[in-house]
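Reviewing the structure listed below.
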Amino acid sequence: MRMRTESMAASLGYRPAQNLAAESMSLALREIWPIMKSRPKVQVLDLGSPSQTRIDYYRTKLACQLHVSDLSHAVADLYQAALQRQSARRRRSRQAGPVGSDLEAHLSFPAATRFDVIFAWDIVNYLNKAQLVELGDRLAHHSHGGTVLHLLLATSEQMPAAPAGVTITEHEYLRMAPGGGTRVPCPRHPPLTMQHAMKGFRVMHMYQLSNGFHEHIYDFEPRKAEKAPDKEKPSLN
């Protein structure tokens with residue numbers, strides 16, 4: 001599919017956070033469901049905070065093999081560690097070593113596993129650039145030509161301390177329950193940063209939800225991943 005800039009409901013400008021609990025129509029899901037229904041035995045990977053309602057929706061609406069790998073706690077811990085390091089720098093205190101990432105431990109699947117659709121939801125908002133590259137590499141390893149990746153980018157100045165719980169309601173509406181009582185700074189990753197980090201994935205469409213999040217849909221091109229030059233990964237500090 002080619003990029004459709006006219007499909008965006010508004011510009012990509014950042015704006016204040018809105019009510020996450022309010023339902024937002026997902027144009028992205030309305031595009032993804034036909035793709036999933038057209039493929040036999042679709043392999044689906046969900047990386048978001050567990051939601052029984054969402055799992056039931058997959059299983060009742062779609063004939064798919066569902067894999068759930070909850071990254072919500074791992075990415076929230078990584079983000080909190082990064083904030084603590086920043087605070088320590090400001091106090092000029094003694095620094096520890098780089099913040100490590102255990103994303104690989106959560107994304108270990110049999111070598112031959114290839115997913116048709118991957119839902120990352122809003123976990124990418126809690127990763128720095130180096131961690132995004134790591135995530136993209138792991139997902140690319142378990143993708144094939146035509147794999148679809150869905151994610152949500154936050155655009156407000158602050159966000160909950162942990163990823164939201166996402167519920168899919170009837171007619172492809174999303175309801176997002178904030179993942180923490182406190183608010184933390186939002187990295188507001190630009191679309192270009194995401195494109196560079198997700199090596200091999202090509203942006204198809206971008207939509208703006210009424211709650212202020214941007215939905216991105218990518219598809220995977222194996223040859224693009226192979227040709228992409230290796231770049232020096234940013235520091236995890």
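What the table below lists for this structure:
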{"quantity": "Among the candidates Lys61, Lys41, residue that is of a type in the set (Lys, Arg) and under 16 Å from His171 (Cα atoms)", "calculated": "Lys61"}
{"quantity": "Unmet requirement for Phe220, which otherwise passes all of (1) more than 29 Å from Glu157 (Cβ to Cβ); (2) modelled with pLDDT under 95", "calculated": "(2)"}
{"quantity": "Every residue from region 131-184 that is part of a helix (DSSP H, G or I) and either buried (at least 19 other Cβ atoms within 10 Å of the Cβ) or not basic (Lys, Arg) (or both)", "calculated": "Gln131, Leu132, Val133, Glu134, Leu135, Gly136, Asp137, Leu139, Ala140, His141"}
{"quantity": "Selection from region 132-175 of residues that are in contact with a helix residue (DSSP H, G or I) (Cβ under 8 Å, 6 or more places away or on another chain) and of a type in the set (Asp, Glu)", "calculated": "Glu134, Glu172"}
{"quantity": "Filter result (modelled with pLDDT of 85 or more and assigned to a loop (DSSP other than H, G, I, E, B)) within region 1-40", "calculated": "Glu23, Ser26"}
{"quantity": "Residue tally, condition among the hydroxyl-bearing types (Ser, Thr, Tyr) and at pLDDT 90 or above, over region 193-217", "calculated": "2"}
{"quantity": "Subset of region 25-55 (residues that are of a type in the set (A, V, I, L, M), touching a Phe, Trp or Tyr at 6+ places or on another chain (Cβ under 8 Å) and within 21 Å of His142 (Cα to Cα))", "calculated": "Val44, Leu45, Leu47"}
{"quantity": "Positions within region 43-61 being more than 10 Å from Gly165 (Cα to Cα) and either touching a Pro at 6+ places or on another chain (Cβ under 6 Å) or part of a helix (DSSP H, G or I) (or both), in sequence order", "calculated": "Gln52, Thr53, Ile55, Asp56, Tyr57, Tyr58, Arg59, Thr60, Lys61"}
{"quantity": "Cβ-Cβ under 7 Å pairs, at least 6 apart or on other chains, region 195-208 side farther than 14 Å from Leu152 by Cα, far side of a type in the set (Lys, Arg)", "calculated": "Ala197/Lys129; Gly200/Lys224; Arg202/Lys224"}
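Conditions (1) over 14 Å from Leu78 (Cβ atoms); (2) at pLDDT 90 or above; (3) of a type outside the set (A, V, I, L, M), marked per residue:
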residue	(1), (2), (3)
Gly100	no, no, yes
Ala105	no, no, no
Ala111	yes, yes, no
Asp116	yes, yes, yes
Gln131	no, yes, yes
His141	yes, yes, yes
Val148	yes, yes, no
Gly165	yes, no, yes
Pro178	yes, no, yes
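The values are calculated or read from the model by the stated rules, or taken from the named source; none is laboratory data. Everything numeric here is computed off the predicted structure, so don't read it as measured data. Methodologically, a virtual Cβ is constructed for each residue, glycine included, from the backbone with ideal geometry; neighbour enumeration extends over all protein chains shown.
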